[in-house]
Amino acid sequence: MNLILLGPPGAGKGTQAKRLEQAHGFAQVSTGDILRSHIAAGDELGRQAETIMATGGYVPDDLMIAMIETEIDNPSCRNGFILDGFPRTIPQAEALDALLKRKGLKLDSVIEMKVDETVLIERIAGRFTCAQCGAGYNDTLQPTHVPGICDVCGSQHFTRRPDDNAEAFNTRLEKYRAETTPILPYYRANGLLKSIDAMLPIDRVAEQMEEIVCETVKAA
(Lines give C-alpha, C1' and ligand atoms only; values in the text may rest on other atoms or scores of the structure.)
Protein backbone atom coordinates (compact mmCIF):
# COMPACT_ATOMS: atom_id res chain seq x y z
CA MET A 1 0.00 0.00 0.00
CA ASN A 2 1.32 3.42 -0.97
CA LEU A 3 0.21 6.46 1.02
CA ILE A 4 0.84 10.20 1.22
CA LEU A 5 0.42 12.12 4.46
CA LEU A 6 -0.44 15.80 4.01
CA GLY A 7 -0.70 18.50 6.63
CA PRO A 8 0.99 21.69 7.80
CA PRO A 9 4.16 21.62 9.89
CA GLY A 10 3.38 20.26 13.33
CA ALA A 11 0.42 18.14 12.21
CA GLY A 12 2.19 14.96 13.32
CA LYS A 13 2.94 13.43 9.92
CA GLY A 14 6.27 11.97 11.00
CA THR A 15 4.86 10.48 14.20
CA GLN A 16 1.99 8.77 12.41
CA ALA A 17 4.17 7.61 9.53
CA LYS A 18 6.44 5.81 12.00
CA ARG A 19 3.43 4.13 13.61
CA LEU A 20 2.16 2.88 10.25
CA GLU A 21 5.67 1.72 9.41
CA GLN A 22 5.87 -0.31 12.62
CA ALA A 23 2.33 -1.70 12.32
CA HIS A 24 2.30 -2.68 8.65
CA GLY A 25 5.85 -2.67 7.34
CA PHE A 26 5.24 0.29 5.05
CA ALA A 27 8.47 2.25 4.62
CA GLN A 28 8.43 5.87 5.72
CA VAL A 29 9.87 7.96 2.90
CA SER A 30 10.72 11.36 4.35
CA THR A 31 12.21 13.75 1.81
CA GLY A 32 14.21 15.49 4.52
CA ASP A 33 15.77 12.19 5.61
CA ILE A 34 16.42 11.16 1.98
CA LEU A 35 18.14 14.44 1.24
CA ARG A 36 20.38 14.20 4.30
CA SER A 37 21.17 10.56 3.51
CA HIS A 38 22.31 11.26 -0.05
CA ILE A 39 24.41 14.23 1.05
CA ALA A 40 26.03 12.16 3.81
CA ALA A 41 26.71 9.32 1.36
CA GLY A 42 28.36 11.74 -1.06
CA ASP A 43 26.74 10.09 -4.09
CA GLU A 44 25.96 11.89 -7.34
CA LEU A 45 22.47 12.97 -6.29
CA GLY A 46 23.76 14.12 -2.92
CA ARG A 47 26.59 16.14 -4.46
CA GLN A 48 24.18 17.88 -6.81
CA ALA A 49 21.81 18.74 -3.96
CA GLU A 50 24.60 19.93 -1.68
CA THR A 51 25.99 22.23 -4.37
CA ILE A 52 22.58 23.81 -4.94
CA MET A 53 21.84 24.19 -1.23
CA ALA A 54 25.28 25.68 -0.54
CA THR A 55 24.35 28.66 -2.73
CA GLY A 56 20.98 29.10 -1.03
CA GLY A 57 18.97 27.43 -3.78
CA TYR A 58 16.10 24.97 -3.53
CA VAL A 59 16.57 21.39 -4.62
CA PRO A 60 14.70 21.14 -7.96
CA ASP A 61 11.76 18.79 -8.40
CA ASP A 62 13.55 16.52 -10.88
CA LEU A 63 16.35 15.90 -8.40
CA MET A 64 13.92 15.15 -5.56
CA ILE A 65 11.97 12.78 -7.80
CA ALA A 66 15.21 11.00 -8.68
CA MET A 67 15.94 10.55 -4.97
CA ILE A 68 12.43 9.28 -4.30
CA GLU A 69 12.78 6.81 -7.17
CA THR A 70 15.96 5.33 -5.68
CA GLU A 71 14.16 5.07 -2.34
CA ILE A 72 11.04 3.28 -3.56
CA ASP A 73 13.26 0.87 -5.52
CA ASN A 74 14.75 -0.17 -2.18
CA PRO A 75 13.60 -3.60 -0.87
CA SER A 76 12.39 -1.82 2.30
CA CYS A 77 9.49 -0.47 0.21
CA ARG A 78 8.32 -3.88 -1.01
CA ASN A 79 5.25 -3.72 1.28
CA GLY A 80 4.52 -0.13 0.31
CA PHE A 81 5.63 3.33 1.32
CA ILE A 82 4.40 6.42 3.17
CA LEU A 83 5.48 9.71 1.63
CA ASP A 84 6.07 12.31 4.32
CA GLY A 85 6.96 15.81 3.08
CA PHE A 86 6.33 15.23 -0.62
CA PRO A 87 4.63 16.33 -2.79
CA ARG A 88 4.35 19.95 -1.72
CA THR A 89 3.10 21.45 -5.00
CA ILE A 90 0.90 20.44 -7.94
CA PRO A 91 3.91 20.06 -10.29
CA GLN A 92 5.49 17.70 -7.73
CA ALA A 93 2.22 15.73 -7.48
CA GLU A 94 2.12 15.41 -11.26
CA ALA A 95 5.77 14.35 -11.40
CA LEU A 96 5.13 11.74 -8.71
CA ASP A 97 2.15 10.37 -10.66
CA ALA A 98 4.33 10.07 -13.76
CA LEU A 99 7.06 8.27 -11.79
CA LEU A 100 4.65 5.76 -10.26
CA LYS A 101 2.94 5.11 -13.60
CA ARG A 102 6.32 4.45 -15.20
CA LYS A 103 7.11 1.91 -12.49
CA GLY A 104 3.70 0.24 -12.60
CA LEU A 105 2.77 1.53 -9.14
CA LYS A 106 -0.07 3.67 -7.82
CA LEU A 107 -1.17 5.67 -4.81
CA ASP A 108 -3.80 4.02 -2.63
CA SER A 109 -4.74 6.95 -0.36
CA VAL A 110 -3.76 10.53 0.39
CA ILE A 111 -4.49 11.36 4.02
CA GLU A 112 -5.01 15.00 4.99
CA MET A 113 -4.23 15.64 8.66
CA LYS A 114 -6.53 18.54 9.58
CA VAL A 115 -5.43 20.74 12.46
CA ASP A 116 -6.26 23.92 14.35
CA GLU A 117 -3.51 26.29 13.27
CA THR A 118 -3.74 28.31 16.50
CA VAL A 119 -2.66 25.23 18.48
CA LEU A 120 0.19 24.25 16.19
CA ILE A 121 2.64 26.74 17.66
CA GLU A 122 2.63 24.79 20.95
CA ARG A 123 3.49 21.64 19.07
CA ILE A 124 6.22 23.29 17.04
CA ALA A 125 7.91 25.26 19.80
CA GLY A 126 8.08 22.23 22.09
CA ARG A 127 9.39 19.62 19.65
CA PHE A 128 12.62 17.73 20.20
CA THR A 129 14.08 14.51 18.80
CA CYS A 130 16.34 11.77 20.07
CA ALA A 131 19.71 12.30 18.39
CA GLN A 132 20.39 8.56 18.38
CA CYS A 133 17.20 6.84 17.15
CA GLY A 134 15.11 9.76 15.85
CA ALA A 135 12.13 9.28 18.20
CA GLY A 136 10.07 12.47 18.41
CA TYR A 137 8.83 14.19 21.58
CA ASN A 138 7.22 17.42 22.77
CA ASP A 139 7.86 19.32 26.00
CA THR A 140 4.19 19.44 27.00
CA LEU A 141 2.26 17.17 24.62
CA GLN A 142 4.54 14.13 24.49
CA PRO A 143 7.44 14.30 26.97
CA THR A 144 9.72 11.35 27.62
CA HIS A 145 8.46 9.04 30.37
CA VAL A 146 11.67 9.62 32.30
CA PRO A 147 12.92 13.21 31.95
CA GLY A 148 16.02 13.42 29.78
CA ILE A 149 15.96 9.76 28.65
CA CYS A 150 14.61 8.50 25.32
CA ASP A 151 11.74 6.03 25.75
CA VAL A 152 12.91 4.00 22.76
CA CYS A 153 16.68 3.64 23.02
CA GLY A 154 17.61 5.15 26.39
CA SER A 155 19.81 7.86 24.90
CA GLN A 156 20.22 11.13 26.80
CA HIS A 157 21.08 13.17 23.71
CA PHE A 158 18.36 15.20 22.00
CA THR A 159 18.19 17.81 19.24
CA ARG A 160 15.83 20.66 18.35
CA ARG A 161 15.35 22.17 14.91
CA PRO A 162 16.59 25.77 14.82
CA ASP A 163 13.43 26.82 12.94
CA ASP A 164 11.06 25.44 15.58
CA ASN A 165 10.00 28.87 16.84
CA ALA A 166 6.97 31.10 16.34
CA GLU A 167 8.42 33.36 13.66
CA ALA A 168 9.83 30.58 11.52
CA PHE A 169 6.67 28.52 12.01
CA ASN A 170 4.44 31.29 10.67
CA THR A 171 6.65 31.55 7.58
CA ARG A 172 6.43 27.81 6.99
CA LEU A 173 2.67 27.84 7.55
CA GLU A 174 2.20 30.61 4.99
CA LYS A 175 4.29 28.61 2.52
CA TYR A 176 2.15 25.53 3.16
CA ARG A 177 -1.07 27.48 2.57
CA ALA A 178 0.25 28.97 -0.67
CA GLU A 179 1.92 25.88 -2.18
CA THR A 180 0.55 22.69 -0.65
CA THR A 181 -3.11 23.43 0.11
CA PRO A 182 -3.90 23.69 -3.65
CA ILE A 183 -2.97 20.02 -4.17
CA LEU A 184 -5.85 18.88 -1.95
CA PRO A 185 -8.43 19.39 -4.74
CA TYR A 186 -6.03 17.60 -7.11
CA TYR A 187 -6.13 14.42 -5.05
CA ARG A 188 -9.82 14.85 -4.19
CA ALA A 189 -10.62 14.88 -7.90
CA ASN A 190 -8.73 11.60 -8.24
CA GLY A 191 -10.80 10.02 -5.47
CA LEU A 192 -7.77 9.52 -3.23
CA LEU A 193 -8.17 12.18 -0.55
CA LYS A 194 -9.22 11.19 2.97
CA SER A 195 -9.29 13.58 5.94
CA ILE A 196 -8.74 12.94 9.64
CA ASP A 197 -8.83 15.08 12.78
CA ALA A 198 -5.17 15.39 13.76
CA MET A 199 -5.98 17.45 16.86
CA LEU A 200 -7.13 14.36 18.76
CA PRO A 201 -4.74 12.46 21.08
CA ILE A 202 -1.97 10.66 19.21
CA ASP A 203 -3.48 7.20 19.78
CA ARG A 204 -6.86 8.32 18.43
CA VAL A 205 -5.19 9.84 15.37
CA ALA A 206 -3.46 6.49 14.83
CA GLU A 207 -6.84 4.74 15.06
CA GLN A 208 -8.19 6.99 12.31
CA MET A 209 -5.17 6.09 10.18
CA GLU A 210 -5.84 2.40 10.76
CA GLU A 211 -9.47 2.81 9.74
CA ILE A 212 -8.40 4.34 6.42
CA VAL A 213 -5.84 1.57 5.83
CA CYS A 214 -8.47 -1.11 6.50
CA GLU A 215 -11.04 0.58 4.28
CA THR A 216 -8.48 0.92 1.48
CA VAL A 217 -7.54 -2.76 1.72
CA LYS A 218 -11.21 -3.80 1.54
CA ALA A 219 -11.81 -1.57 -1.48
CA ALA A 220 -8.78 -2.91 -3.37
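Counting only residues that are among the hydroxyl-bearing types (Ser, Thr, Tyr) and more than 23 Å from the chain's Cα centre (by Cα), which one in segment 35-60 is surrounded by the fewest Cβ atoms within 10 Å (Cβ to Cβ)?
Among residues in segment 35-60 that are among the hydroxyl-bearing types (Ser, Thr, Tyr) and more than 23 Å from the chain's Cα centre (by Cα), the one surrounded by the fewest Cβ atoms within 10 Å (Cβ to Cβ) is THR55.
Checking the condition at pLDDT 90 or above and in contact with a Phe, Trp or Tyr (Cβ under 6 Å, 6 or more places away or on another chain), which residue from ALA17, ALA93, ALA23 passes?
ALA93
I'd like the residue in segment 129-155 that is touching a Gly at 6+ places or on another chain (Cβ under 7 Å) and surrounded by 12 or more Cβ atoms within 10 Å (Cβ to Cβ) and, out of all such residues, is modelled with the highest pLDDT.
THR129
Against the definition (in a helix (DSSP H, G or I), more than 19 Å from ARG88 (Cβ to Cβ) and out of contact with any Phe, Trp or Tyr (no Cβ under 8 Å at 6 or more places or on another chain)), how does ILE196 come out, yes or no?
On the way: in a helix (DSSP H, G or I): no; more than 19 Å from ARG88 (Cβ to Cβ): yes; out of contact with any Phe, Trp or Tyr (no Cβ under 8 Å at 6 or more places or on another chain): yes.
Taking the combined requirement at face value, the residue does not satisfy it.
Can you tell me how many residues in segment 132-169 are in contact with an Asp or Glu (Cβ under 8 Å, 6 or more places away or on another chain), farther than 19 Å from VAL205 by Cβ and among the hydrophobic types (A, V, I, L, M, F, W, C)?
Result for segment 132-169: 1.
Within segment 187-211, work out how many residues are surrounded by fewer than 17 Cβ atoms within 10 Å (Cβ to Cβ) and either of a type outside the set (Gly, Ala, Ser) or touching a strand residue (DSSP E or B) at 6+ places or on another chain (Cβ under 6 Å) (or both).
Total meeting the criteria: 13.
When you look at ALA11, is it within 19 Å of ASP163 (Cα to Cα), buried (at least 21 other Cβ atoms within 10 Å of the Cβ) and among the hydrophobic types (A, V, I, L, M, F, W, C), yes or no?
yes
Could you tell me which numbered condition ARG123 fails, if it satisfies all but one of (1) basic (Lys, Arg); (2) in a loop (DSSP other than H, G, I, E, B); (3) surrounded by 12 or more Cβ atoms within 10 Å (Cβ to Cβ)?
(2)
Before we move on, is LEU120 closer than 30 Å to LYS218 by Cα, aliphatic (A, V, I, L, M) and touching a residue at least 12 places away in the same chain (Cβ under 8 Å)? Talk me through it step by step, then tell me what you get.
On the way: closer than 30 Å to LYS218 by Cα: no; aliphatic (A, V, I, L, M): yes; touching a residue at least 12 places away in the same chain (Cβ under 8 Å): yes.
Against the criterion (closer than 30 Å to LYS218 by Cα, aliphatic (A, V, I, L, M) and touching a residue at least 12 places away in the same chain (Cβ under 8 Å)), LEU120 does not qualify.
For segment 90-117, give me each residue that is hydrophobic (A, V, I, L, M, F, W, C), part of a loop (DSSP other than H, G, I, E, B) and either free of Cβ contacts under 8 Å to residues at least 40 places away in the same chain or within 24 Å of PRO9 (Cα to Cα) (or both).
Across segment 90-117, the qualifying residues are LEU107, VAL115.
Every residue in segment 67-89 that is more than 22 Å from TYR186 (Cα to Cα) and either part of a helix (DSSP H, G or I) or of a type in the set (D, E, K, R) (or both), please.
MET67, THR70, GLU71, ILE72, ASP73, PRO75, SER76, CYS77, ARG78 - these are the residues of segment 67-89 that are more than 22 Å from TYR186 (Cα to Cα) and either part of a helix (DSSP H, G or I) or of a type in the set (D, E, K, R) (or both).
From the list ARG19, ARG47, which residue is in a helix (DSSP H, G or I), in contact (Cβ under 8 Å) with a residue 24 or more places away in the chain and farther than 26 Å from ASN170 by Cα?
Result of the check over ARG19, ARG47: ARG19.
The values are calculated or read from the model by the stated rules, or taken from the named source; none is laboratory data. These figures come from a predicted structure and were not determined experimentally. In this analysis, Cβ positions are derived from the backbone assuming ideal geometry, glycine residues included, and neighbour counts consider all displayed protein chains.
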